[in-house]
Amino acid sequence: MSVALQAPPLKRTGAHAIDAVDLGVQYSLRFTKKTTLRQSFMQMFSREPLEPFWALRGVSFNLVRGESLGVIGPNGAGKSTLLQVLAGIIQPSEGAVEVHGHVSSLLTLGAGFDSELSGTDNILLAGAFLGLPDPVVRDLMPSIIEFADLGRFIDAPLKTYSSGMRARLGFAIATSVDPDILLLDEVLATGDADFRDKSKARVIELVKAAKGIVLVTHDMGWVTEYCNRAILLEQGRVIHEGDPAETVKIHVERSAQRKAERAAQLGTAAI
Amino acid sequence: MLPFAAMSTTSEVPAEFRHAATRPGPFTLLGEALADIFSRRRLVGYLVRADIKKKGADTFLGNLWWVLDPLLQMVVYVVFVSLIFDRATPDYPLFVLAAILPWKWFTSSVNDATTSVTSQGSLIRQIQFPKIVLPMAATSAAVVGFVFSLIPLVAIMLFFPHRFSPYLLLIPVVAVVQFLFTLGVGFIVAGVNVFFRDLGNVLRHFLRLWFYLSPGLYSLQMLESSTFFEQNPALLRILQLNPFATLFEGFRSVIYGSPDGGPHLPDFGALAALAVVSLVLIAIGGIIFKRLEPMYAKVL
């Protein structure tokens, strides 16, 4: 199955798994706050202009097949928004993104679980959400149950699960598919120490199998170890793109600098 | 070790996509809406099954409420209208039940559709799937409740055997028209509720008013013979244009008939007209839903 592509601003190059050109994602603050009718009426008559907020702006990059791209940056830099755009969850407000291949994001740990349904039903439902055909999900079922180590709880409703069990089930489902492009967002701290080792091994296995990876993490060790390229995002803009070690170095330097500036500000404020 | 399933083999998700800052036209959106539902019909099926499993799982009497609820409501209206107002309509319990059942179906569909998108916020922020399956599944699951509520209808029918007729087999015909209408409404309320979370509160009162303005507890014929409406034919015309005038009269003619005669054929012309209007409403609802869809992940 393929989607008919519209006329470019993008050059379609077969070697690219992801092409992003001048991506911008704007959040209109009018609706991102939880609105009620009363609030919208008030806003309609208020003179204060609502400042649009750009979570990402002017971001361009591509991911060559087989490449692994690390995305680093401080909190609120737009890293997770970028992954949402690449997963097709959020549409860009500016620019365009083209993705060639099935995308799987490990953002999906336990999302959409229904606590009234049993583990089995939740696996089937999650499979349907991911677009996996029924026989495939049924084939995977025993190994998912085994990996999540749920035992006889699999037929009990999810509301009886501990949070660790839920997380394990979510992880097992999310990692049971082999995508062309893997999007990873800090999912390694799942469950107890035992399961964390198991899940880390699993992620490494996925990373090795994937044909393209975008990895968002605060763990610089992962970036230098598993990525061939990295980009540094700050306030929605690309500050640096290039060799992982070099990008990490710039990021660390800039963070230290910001920290020093904040400390200096606090210092002057105190005096 | 856990095996992988290759996503590329037979997945229902397209293997590539291109998102750009464009505003597709209404016909593109409508085409996408239909394609979304068709390509993910299995997901709709799972959501419907999950919904049915859940409903009634958490109350003591469980699914029995699907049967008890309309009966109790019928008792309330019968006590209210025939005892307190002393209005003599023959076989009134059956008369009013013929309206309660479709109305209960409609309100539960609309209520479920309203929250269908907002209740899945965490999922919408984390995976890409066509959101239109959510109101589609909510309205489809409500059909099952309606089918179950035909059990009390059969039970009450036993008390009025002279009203029993083969016209009952036409219930699905009227029901299909109501389903189309409900689906159109469901798409609209599901999309709008993302931006105005108090839509549910507004709807609750709006729906109650709508019921009393629809010929459920009374028939259109009773209105036509009242002096007030004889003097104000325009008002009567408005009430006749109400979709639920057509639906209630349709259900009543095949279940109850008229006060002094048995069940008869429904007004097929009116039903066909409503079906056409409903298809237009589905198109409008689908376009509105798809137009708003890119914003859901940001707002929820």
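The set of residues from region B:14-32 being under 21 Å from residue A:98 (Cα atoms), buried (at least 16 other Cβ atoms within 10 Å of the Cβ) and either of a type in the set (A, V, I, L, M) or more than 11 Å from chain A (Cβ to nearest Cβ) (or both) comprises B:15, B:20, B:21, B:29. Residues in region A:120-159 that are over 29 Å from residue A:86 (Cα atoms) and either in a loop (DSSP other than H, G, I, E, B) or touching a helix residue (DSSP H, G or I) at 6+ places or on another chain (Cβ under 7 Å) (or both): A:120, A:145, A:149, A:150, A:153, A:154, A:155, A:156, A:158.
Here is a yes/no grid of residues against (1) within 16 Å of residue A:173 (Cβ to Cβ); (2) more than 7 Å from every other protein chain (Cβ to nearest Cβ); (3) modelled with pLDDT of 90 or more:
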| residue | (1), (2), (3) |
| --- | --- |
| A:86 | no, yes, yes |
| A:92 | no, no, yes |
| A:95 | no, no, yes |
| A:98 | no, no, yes |
| A:104 | yes, no, no |
| A:108 | yes, no, no |
| A:112 | yes, no, no |
| A:115 | yes, yes, no |
| A:125 | yes, no, no |
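Taking the criterion of being assigned to a loop (DSSP other than H, G, I, E, B) and either touching a Pro at 6+ places or on another chain (Cβ under 8 Å) or free of Cβ contacts under 8 Å to residues at least 60 places away in the same chain (or both), the residues of region A:81-105 that qualify are A:88, A:89, A:90, A:91, A:101, A:102.
Could you tell me whether region A:223-231 includes any residue that is modelled with pLDDT of 80 or more, within 30 Å of residue A:149 (Cβ to Cβ) and within 14 Å of another protein chain (Cβ to nearest Cβ)? Looking through region A:223-231, none of the residues is modelled with pLDDT of 80 or more, within 30 Å of residue A:149 (Cβ to Cβ) and within 14 Å of another protein chain (Cβ to nearest Cβ). If you check residue B:228 against the conditions, is it touching a residue at least 60 places away in the same chain (Cβ under 8 Å) and assigned to a helix (DSSP H, G or I)? Answer is no for this residue. Looking at this structure, is residue A:181 in contact (Cβ under 8 Å) with a residue 12 or more places away in the chain and within 27 Å of residue A:64 (Cβ to Cβ)? It is true that residue A:181 is in contact (Cβ under 8 Å) with a residue 12 or more places away in the chain and within 27 Å of residue A:64 (Cβ to Cβ).
When restricted to residues that are under 20 Å from the mean Cα position of the chain (by Cα) and either free of Cβ contacts under 8 Å to residues at least 60 places away in the same chain or more than 20 Å from residue B:115 (Cα to Cα) (or both), region B:9-37 contains 1.
Looking across region B:34-49 at every residue that is within 13 Å of residue B:138 (Cα to Cα) and at the interface with another protein chain (Cβ under 7 Å from one of its Cβ atoms), the one that is surrounded by the fewest Cβ atoms within 10 Å (Cβ to Cβ) is identified as B:46. Exactly one residue among B:177, B:110, B:173 is surrounded by fewer than 21 Cβ atoms within 10 Å (Cβ to Cβ) and either modelled with pLDDT of 95 or more or in a helix (DSSP H, G or I) (or both), and that residue is B:173. Can you say whether residue B:245 is surrounded by fewer than 20 Cβ atoms within 10 Å (Cβ to Cβ), away from every other protein chain (no Cβ under 14 Å) and of a type in the set (A, V, I, L, M), as far as the supplied structure shows? In short, no. Given the structure, is residue B:186 under 22 Å from residue B:119 (Cα atoms) and within 14 Å of chain A (Cβ to nearest Cβ)? Judged against the criteria, residue B:186 is not a match.
The values are calculated or read from the model by the stated rules, or taken from the named source; none is laboratory data. Model, not experiment: these values are computed from the prediction. Because the Cβ atoms are built from the backbone with ideal geometry, glycine has one as well, and the counts that use them run over all protein chains shown.
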